[in-house]
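First comes the structure, then the notes that go with it.
Just so it is clear, none of the values below were taken in a lab; they were calculated from the coordinates. Quantities reported herein were computed from a predicted structural model and do not represent experimental measurements. As a convention, Cβ positions derive from the backbone with ideal geometry for all residues, glycine included, and neighbour counts pool all protein chains shown.
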Amino acid sequence: MSLFPADPAISPATPAALRELIESRRAVRRFTAEAVPDEVVRDCLELAVLAPNSCNLQPWSFQVIRDPALLARLHPVCMSQNAAKAPLIIAVLARPDTWKQACQNIIDYWPEPDVPARIRRFYNKTAPFQYNQGPFGLFGLFKRQLLRVAAWRKPLMRAPNSQAQMRIWAVKSTALAAQNLMLAFQSHGYATCPMEGFDEVRLRKTLSIPRQALPIMLLAVGKQDEKGVYNPRLRFPLEQHVTWL
Ligand SMILES: Cc1cc2nc3c(=O)[nH]c(=O)nc-3n(C[C@H](O)[C@H](O)[C@H](O)COP(=O)(O)O)c2cc1C
C-alpha cells in the first residue's frame with residue numbers, strides 16, 4: 001500500500017485539484033456495460049481504508065460484487081432502481097463487531113519492530129474497556145452508571161456505551177471510507193452512485209452479510225452513460241448550515 005509522506009503538513013493536492021475532483025463527482029444513475037478493472041477497484045479500496053477512523057480500529061468491510069448473475073439478483077433487491085444496473089456494486093458494511101480482532105491487529109501489524117508500551121496498553125486495556133458492551137449490552141449499562149458518577153469530577157467520553165452507540169460509532173468511520181471510495185473512483189474516471197434504496201432483509205440474505213454488520217450503502221460504480229446525471233447540482237446556501245463561533 002502506498003503512503004503519503006509522514007508529515008501531514010505537506011499536502012500532495014492543490015486546493016484547485018481537490019475542488020475539481022469533488023465538484024466533478026455526481027450521483028450517476030446510468031452506466032455503460034464496460035467493466036471496472038480489478039486493479040482500479042483495488043487502488044480505490046486502498047484509498048478508502050486510508051480514511052480517518054475511530055481509534056484506528058477500521059470498523060468496516062466491503063463486498064465487491066462483479067459476478068453478473070449476482071448483480072442481476074441484486075437489482076430487484078435495490079428496488080429495481082436504474083443505478084443498480086451498474087457493472088460493479090460494492091456493499092459498504094459498518095462493523096461494530098470487529099473491534100476485538102482489530103485491537104489484536106494493531107499489535108500484529110504495528111509498522112515498527114517494537115510495539116510501544118503505550119500502544120500495547122491502549123489496545124490491550126483501554127480500548128477493550130471502551131468498546132466491550134458485554135452480553136446483552138450489560139457491561140455498557142454498567143459503564144453508563146459508572147460514568148454518571150465519575151463524570152461529576154472531570155470531562156469523560158460518554159459513548160460508545162451501548163450496542164446502539166457501537167453501531168453509530170462504526171457507521172461514522174465507515175461513511176468516511178465510503179466517501180474516499182467514491183472520490184477515488186472519480187479520480188480514475190469512473191462514476192458512482194451511493195444507494196440506500198434496498199431491501200435490507202433480502203440484501204442480507206443475497207450477500208450472506210454477517211448478522212452484526214450494517215450495510216450502510218451500496219455503491220454502484222461504472223462508466224457514466226448518456227443522461228447519467230438526472231438533475232442539476234443543488235445545495236442549500238451555506239449560511240443555513242454553518243454557525244461561526
Ligand atoms: C446515504 C445515501 C443514500 C443514497 N441512496 C440513493 C439511492 O438509493 N438511489 C439513488 O439514486 N441515489 C441515492 N443517493 C444519492 C443522492 O440522491 C445524491 O447524492 C443527492 O441527490 C445529491 O446529488 P449529488 O450526489 O449528485 O450531488 C444516496 C446518497 C447517499 C449519501
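Here the chain is assigned +1 on the Cβ of each Lys and Arg and -1 on the Cβ of each Asp and Glu. Its dipole about the Cα centre then comes out at about 1240 debye. Once the dipole of segment 42-157 is set up with Lys and Arg at +1 and Asp and Glu at -1 on Cβ about the Cα centre, which of His75, Ala102, Ala91 lies farthest towards its positive end? With unit charges placed on the Cβ atoms, the residue in question is Ala102. If exposed means no more than 11 neighbouring beta carbons inside 10 Å and the site is in a DSSP loop, what's the longest run of the chain without any exposed trypsin sites (Lys or Arg not before Pro)? Counting at most 11 other Cβ atoms within 10 Å as exposed, the longest clean stretch of the chain is 1-152.
Among the DSSP beta bridges whose two residues both lie in the chain, what percent are antiparallel, rounded to the nearest 5?
On the way: 19 of 20 bridges.
Beta bridges within the chain, antiparallel portion: roughly 95 percent.
Only the Cβ atoms of Lys and Arg (+1) and of Asp and Glu (-1) were treated as charged; on that basis the dipole of segment 165-240 about its Cα centre amounts to roughly 240 debye. Partners of Lys223 within straight-line reach, counting aspartates and glutamates whose Cα lies under 12 Å from its Cα and excluding those fewer than 8 residues away in the same chain: Glu34. With the Cα gyration tensor of segment 77-181 giving a ≥ b ≥ c as the square roots of its eigenvalues, does the rule (a/c under 1.5 for rounded; else a/b larger than b/c for prolate; else oblate) give rounded, prolate or oblate? Here segment 77-181 falls in the oblate category. Stokes-Einstein diffusion for the chain, with the hydrodynamic radius set to the Kirkwood value over Cα pairs and evaluated at 10 °C in a medium of 1.306 mPa s, equals 78 µm²/s.
The longest stretch of the chain left intact once loop-based chymotrypsin sites (Phe, Trp or Tyr not before Pro) with at most 16 other Cβ atoms within 10 Å are removed from consideration, loops following DSSP, is 1-108. From the Cα gyration tensor of segment 1-127, with a ≥ b ≥ c the square roots of its eigenvalues, which class applies: rounded if a/c is under 1.5, or else prolate if a/b is larger than b/c, or else oblate? Oblate is the answer for segment 1-127, as a/c is 1.5 or above yet b/c matches or exceeds a/b. Here each label is just a point 7 Å from Cα along the line to Cβ, and for Thr32 and Gln163 those points are 4.8 nm apart. Is the shape of segment 100-154 rounded, prolate or oblate, going by the alpha carbon gyration tensor and its root eigenvalues a ≥ b ≥ c, with a/c under 1.5 for rounded and a/b larger than b/c for prolate? In terms of gyration-tensor shape, oblate. Using R0 = 45 Å, the C-beta based FRET efficiency linking Thr243 and Arg66 works out to 0.50. Based on Cα contacts under 8 Å between residues 6+ apart, the chain shows a relative contact order of 35 percent. For Lys205, list the lysines whose Cα falls under 23 Å from its own Cα; do not include residues on the same chain fewer than 8 positions away. Qualifying lysines at Cα under 23 Å: Lys85. Of the residues Ala94, Ala117, Ala72, the one that moves most in a GNM of the chain with alpha-carbon contacts below 10 Å is Ala117.
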